[in-house]
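Scroll down for the structure; my scribbles are underneath it.
The values are calculated or read from the model by the stated rules, or taken from the named source; none is laboratory data. The structure presented is a predicted model; accordingly, all values stated were derived computationally and were not measured. When we count neighbours, we look across all protein chains shown, and the Cβ atoms used for this are built from the backbone with ideal geometry, even at glycine.
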Amino acid sequence: MTMERVAIFIDNAYFKIVQQQEAIPVDYEKFCDEIIDSTDQSSRFRTYVYDCPPYQSNPPTAEEMKRKSGFDAFKYNIIRLSRFEVRTGRLQIQRDEKGNILKKADGTPILRQKGVDMALGIDAALLAATKQVQRIILVAGDSDFVPAILAAKEEGVIVTLFFYPKGIVHDSLFEACDERFPITRELLQKSERKTREKNKIGHK
């Protein structure tokens, strides 16, 4: 059997929540090795991690600067791993129809990722159209990624979803993927990061 090449796409905003919910910091290389093992005769082509720098007000607060420093350290560590790429978008404050800032119960603004789904879509389309991979493994739960999945499938790429069963997974995303596997506590424990310095979760 021919060894198929696999690209792994990780929505890090989603994956950070999974790690925080289970209180298990993950070694990203180990995690990728574990989920690759779930597919037969596969080798990892590359892992793409999609994330946004934390929001910074003008001027930034001490807490915001601390979060930005954590994000920079995370990105620094990830891009030095073998066959890993980091794609960054931006966080945008959400407003109502009148332009008022929407806030959480604690008074902090509601933020939404921008540009992440576009970056993932471009990567998926390019890898699929140029036949560089035969499978995409997606770690995500957002329906924004559905167009990218459908485009990759049109090129004959198999799309496998790894989702957190205790969290929200949009039905359209679940249905669009060819295969689905839960991110279990056991899987996270197998991938647990043993040192504090390597590929930290990043900002909260």
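A few points about this structure:
- Selection count where residues are more than 18 Å from I10 (Cβ to Cβ) and not small (G, A, S), scope region 167-176: 2
- The lone exception for Q189 - which of (1) touching a residue at least 40 places away in the same chain (Cβ under 8 Å); (2) touching a helix residue (DSSP H, G or I) at 6+ places or on another chain (Cβ under 8 Å); (3) not aliphatic (A, V, I, L, M) it fails: (2)
- Pair list, Cβ < 7 Å and 6+ apart or interchain, from region 171-186 residues that are within 22 Å of D37 (Cβ to Cβ) to residues that are assigned to a loop (DSSP other than H, G, I, E, B): F181/S38; P182/P165; I183/Y164
- Some residue of region 115-129 being at pLDDT below 95, assigned to a loop (DSSP other than H, G, I, E, B) and of a type in the set (D, E): no
- Within region 124-165, tally of residues that are under 13 Å from D11 (Cα atoms) and out of contact with any Leu (no Cβ under 9 Å at 6 or more places or on another chain): 1
- Taking region 156-191 as the range and being of a type in the set (D, E, K, R), more than 17 Å from V26 (Cβ to Cβ) and outside any loop (DSSP other than H, G, I, E, B) as the test, the residues that pass are D171, E175, E179, R180.
- Filter result for A13 (surrounded by fewer than 16 Cβ atoms within 10 Å (Cβ to Cβ) and aliphatic (A, V, I, L, M)): no
- Being small (G, A, S) and under 17 Å from E85 (Cα atoms) is a property that S43 has.
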